[in-house]
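Scroll down for the structure; my scribbles are underneath it.
The values are calculated or read from the model by the stated rules, or taken from the named source; none is laboratory data. All values derive from a computational prediction rather than experimental measurement. Cβ placement follows ideal geometry from the backbone for every residue including glycine, while neighbour counts extend to all protein chains displayed. The protein model used for the area step is the full one, side chains on, heavy atoms only, and it has no ligands, DNA or RNA in it. Shrake-Rupley method; radii C 1.70, N 1.55, O 1.52, S 1.80 Å.
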Amino acid sequence: MTAGRPPRVLIDATSVPADRGGVGRYVDGLLGALGRVIGSGLDLAVVSLRTDVERYARMLPAAEVVSAPAAVAHRPARLAWEQTGLPLLAQQLGVDVLHAPFYTCPLRAGCPVTVTVHDATFFTEPEHYDKSRRTFFRSAIKTSLRRADRVIVPSKATRDELIRLLDADPTRIDVAYHGVDQAAFHAPTEEEKARVRARLGLGDGSYLAFLGAKEPRKNVPNLIRGWARAVADRPNPP
């Protein structure tokens, strides 16, 4: 890093899926926040899938947005490129830090690497993943914990699980809690509430909504059972 200039950081956004989902929201939120400090304390570069280049260029007009090869849209090719093409790109862009936001990272990047490990469920709830996915991500997380200069996790619980289960070095793990996208998540207006009620046929009654993927590890059945017990003595619960 050269004295007198902000650090140049490359964020690998090639893991963002087309349907966005959790990792997509995480990366988009992170880039949106970093975009507000470009110039004053950061020099930002982003590498993404070709389908996302225009989107990120609009979102981050002061950042350098680079397209990854077309083949990277397929996961096996992306993982191979991560080990070879990504370090080369980091060198070409002259970055000081590389941030890999989805569990995996290059083994030899040529610069300090930060990786985000979102949870430890591949170890604590392995039954929710097929064997190949479980085996791959278990290995990848162990490698990232050994090789990355810093590991970012979204909660103290995840940090504690990685330390307990994998004997991870606690001095290299940083907890960075998720923020809230105020544009997407805010107190709804009466018009917004009426629109949702009409679309879902809820009438004028109050309601609660679960916002998340309907998959086993989200434990939605127990959420429903818990809610039913909590409101059992209320005459007209949501």
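Give me the net charge for the shell around Gly205: Cβ to Cβ below 12 angstrom, other residues only, Lys and Arg +1, Asp and Glu -1.
+1
If I take all pairs of Cα atoms in the chain, what percentage of them are more than 29 Å from each other?
Everything past 29 Å amounts to 39 percent.
Whole Å is fine, so just give me how far the alpha carbon centre of the stretch 35-61 lies from that of the stretch 168-182.
If we compute the Cα centre of each part, the gap is 22 Å.
State whether the stretch 45-121 is rounded, prolate or oblate according to the following rule on the C-alpha gyration tensor (a ≥ b ≥ c being the square roots of its eigenvalues): a/c under 1.5 gives rounded; otherwise a/b larger than b/c gives prolate, and the remaining case gives oblate.
rounded
Once the dipole of the chain is set up with Lys and Arg at +1 and Asp and Glu at -1 on Cβ about the Cα centre, which of Pro235, Ala184, Ser155 lies farthest towards its positive end?
In the chain, that residue is Pro235.
When all protein chains stay in place, what accessible area (Å², nearest 10, 1.4 Å probe) is found for Lys156?
For Lys156, the solvent-accessible surface is approximately 110 Å².
Order the following by accessible area, largest value first: Trp81, Trp227. Probe radius 1.4 Å; ligands, DNA and RNA are ignored.
Greatest to least solvent exposure: Trp227, Trp81.
About the Cα centre of the stretch 45-190, how large is the charge dipole given +1 on each Lys and Arg Cβ and -1 on each Asp and Glu Cβ? Please answer in debye to the nearest 20.
Using only the charged Cβ atoms, the result is roughly 540 debye.
Just to confirm, what accessible area per residue do you get for the chain at 1.4 Å probe, in whole Å²?
That works out to 59 Å² per residue.
Using a Gaussian network model on the chain with a 10 Å cutoff between Cα atoms, which of Asp169, Asp204, Asp43 fluctuates the most?
The residue that fluctuates most here is Asp204.
Counting Lys and Arg as +1 and Asp and Glu as -1, each charge on the Cβ, what is the dipole of the stretch 175-238 about the Cα centre in debye, to the nearest 20?
Result for the stretch 175-238 is approximately 340 debye, rounded to the nearest 20.
Ignoring everything except DSSP H segments at least 4 long, calculate the 222 nm mean residue ellipticity for the chain; use -39,500 (n - 2.57) per segment, divide by total residues, nearest 500.
That comes out to -13000 deg cm²/dmol.
Which residue, Pro69, Gly41, Val113, has the largest displacement toward the positive end of the dipole of the stretch 1-153 when charges sit on each Cβ (Lys, Arg +1; Asp, Glu -1)?
Among Pro69, Gly41, Val113, the one farthest towards the positive end of the dipole of the stretch 1-153 is Val113.
Please report the carbon-and-sulfur percent of the accessible area for the stretch 1-56; probe 1.4 Å, protein heavy atoms only, DNA, RNA and ligands left out.
The C+S portion of the solvent-accessible surface of the stretch 1-56 is 56 percent.
Most fluctuating residue of Pro61, Pro87, Pro154 in a GNM of the chain with Cα springs under 10 Å: which is it?
Taking springs between Cα atoms under 10 Å, the residue moving most is Pro61.
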